[in-house]
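Inspection log for the structure reproduced underneath, given as structure tokens.
The values are calculated or read from the model by the stated rules, or taken from the named source; none is laboratory data. None of the values given here were measured: they were computed from a predicted structure. All Cβ positions, even for glycine, are placed from backbone atoms using ideal geometry, and neighbour counts span all protein chains on display.
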Ligand SMILES: Cc1cc2nc3c(=O)[nH]c(=O)nc-3n(C[C@H](O)[C@H](O)[C@H](O)COP(=O)(O)OP(=O)(O)OC[C@H]3O[C@@H](n4cnc5c(N)ncnc54)[C@H](O)[C@@H]3O)c2cc1C
């Protein structure tokens, strides 16, 4: 029997599979699609922006170079900070990252533009190298939890594992079959992403365009157009996406008479915003779109899913190995649920601002003014880049619960060099924890030496997911933190 069965081999399922395998679990992934390639996964429809939190997570697992190569980047990657709020661009020059607390320069870029195809190929290869079995063409139809195992059905076949994680996307079968609540708001628009040929593309303005009928987006990629049509999410997804339909919607929303001559690929989505009420029911867990869906506005959903996987991986692995302190696995929901709930609200706020009509247009005007100020531009950047991530770990120390700064020791060792195998790290800059840390050496890497910049801390405890679990110099509180996150001396 495998330790963990992951349903869904999208980016979140594949990344989580690698996290678990790296930590010594036996893992199987069941993926419905027989092939990994699909038109909507490659450019331009498959374009996805990875924000700072995800990029740093990949960097810390030693995968960044592969992802950059697969995404077509050369050696020096510099992408200007670029983001929008409700289709209103944030001026990169107004963003002041110097204000962000506890920032140290990292070699990882703050943003990567990639494709689902490129990302899934790297994550799939990594997982396979780590020993994960990936079975394609297996559509899971049912889940039956028991006290010490879970049975997963795929047609007439049965698969059994000690734990199951549903990473099977927004229409998750696992979520429904295991009885998870999924609450939130209904859609207000149908979104279209299309790759088309046009007679007269110059009739569409580049970038985001808020119009009296909705919003359209023309990207730098020739023929790549997005539309938000505020039809209440009425488009029936079982219908074919014909050229005539796409042209009618595009003409109406853009207020032009642009002419489509061909459709290479097209897909639809909505702004339905729902979230599972818990991410764990016994031995069944959810991650990624299976746990939360909302509109792709602001490009956050994949990043949120990667954050789920990096948070869940080490906790589930410790539970599988019998090394988890009491309640560790439940901290997955406690930490990740509020983060997604906040994102859902940010997404709803953006939709509300984009709705056609004089009230929303008035709010758009106010936002345009505010967004020019460094305070607002920096705040939005902070939130949408993932840099502001902060879990409430019950500490007054403001670094605790944040993504660890990119500490570098005087000998050149970087924090990212210490995290690829997925263990936690004690960075003992002042050398005062050597003896007290000894019982945990099997579980947590101990490193001692002065830092290039210790930001005023004697020592920092970094969890396997790169989150600061404790910082300071006080031995009793260090021991308390170790007991909370790790069990000691497992041989
Ligand atoms: C137009 C658009 C643009 C976007 N842009 C961005 C962006 O720039 N940045 C960002 O962060 N996010 C973006 N997103 C969202 C992002 O694509 C998703 O959040 C992400 O793909 C979710 O990953 P996942 O692995 O959770 O789910 P998915 O990618 O949906 O993968 C789920 C997998 O499960 C499989 N599966 C489903 N049911 C079953 C079953 N019963 N049995 C077995 N397998 C099953 C599916 O075949 C699929 O491979 C965008 C979305 C859209 C629609």
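What about residue 6, is it crowded, with 22+ Cβ neighbours inside 10 Å and either in a loop (DSSP other than H, G, I, E, B) or within 10 Å of the ligand (Cβ to nearest atom) (or both)? Criteria met by residue 6. Those strands (runs of 3 or more DSSP E) of segment 241-358 in which 2 or more residues are within 30 Å of residue 210 (Cα to Cα) occupy 260-270, 273-276.
To keep it simple, each residue is scored yes or no on (1) more than 16 Å from the ligand (Cβ to nearest atom); (2) under 30 Å from residue 88 (Cβ atoms).
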| residue | (1), (2) |
| --- | --- |
| 149 | yes, no |
| 159 | no, no |
| 166 | no, no |
| 174 | no, no |
| 178 | no, no |
| 187 | no, yes |
| 198 | yes, yes |
| 204 | yes, yes |
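Looking across segment 302-313, the residues that are surrounded by 24 or more Cβ atoms within 10 Å (Cβ to Cβ) and touching a residue at least 40 places away in the same chain (Cβ under 8 Å) come down to 305, 306, 307, 308, 309, 310, 311, 312, 313. Do the conditions hold for residue 229, that is, is it assigned by TED's automatic domain parsing to the domain that holds residue 334 and in contact with a helix residue (DSSP H, G or I) (Cβ under 8 Å, 6 or more places away or on another chain)? In short, no.
To keep it simple, each residue is scored yes or no on (1) part of a helix (DSSP H, G or I); (2) under 23 Å from the mean Cα position of the chain (by Cα); (3) surrounded by 14 or more Cβ atoms within 10 Å (Cβ to Cβ).
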{"position": "104", "(1), (2), (3)": "no, yes, yes"}
{"position": "114", "(1), (2), (3)": "no, yes, yes"}
{"position": "119", "(1), (2), (3)": "yes, yes, yes"}
{"position": "123", "(1), (2), (3)": "yes, yes, yes"}
{"position": "126", "(1), (2), (3)": "yes, yes, yes"}
{"position": "138", "(1), (2), (3)": "no, no, yes"}
{"position": "148", "(1), (2), (3)": "no, no, no"}
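Residues checked against (1) free of Cβ contacts under 8 Å to residues at least 24 places away in the same chain; (2) in a loop (DSSP other than H, G, I, E, B):
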{"residue": "375", "(1), (2)": "yes, no"}
{"residue": "412", "(1), (2)": "yes, yes"}
{"residue": "417", "(1), (2)": "yes, no"}
{"residue": "427", "(1), (2)": "no, no"}
{"residue": "432", "(1), (2)": "no, yes"}
{"residue": "435", "(1), (2)": "yes, no"}
{"residue": "446", "(1), (2)": "yes, no"}
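Taking the conditions exactly as written (at pLDDT 95 or above, more than 16 Å from the ligand (Cβ to nearest atom) and over 19 Å from the mean Cα position of the chain (by Cα)), does residue 328 satisfy them or not? It is true that residue 328 is at pLDDT 95 or above, more than 16 Å from the ligand (Cβ to nearest atom) and over 19 Å from the mean Cα position of the chain (by Cα). The single condition among (1) touching a helix residue (DSSP H, G or I) at 6+ places or on another chain (Cβ under 8 Å); (2) more than 12 Å from the ligand (Cβ to nearest atom); (3) touching a residue at least 60 places away in the same chain (Cβ under 8 Å) that residue 264 does not meet is (1).
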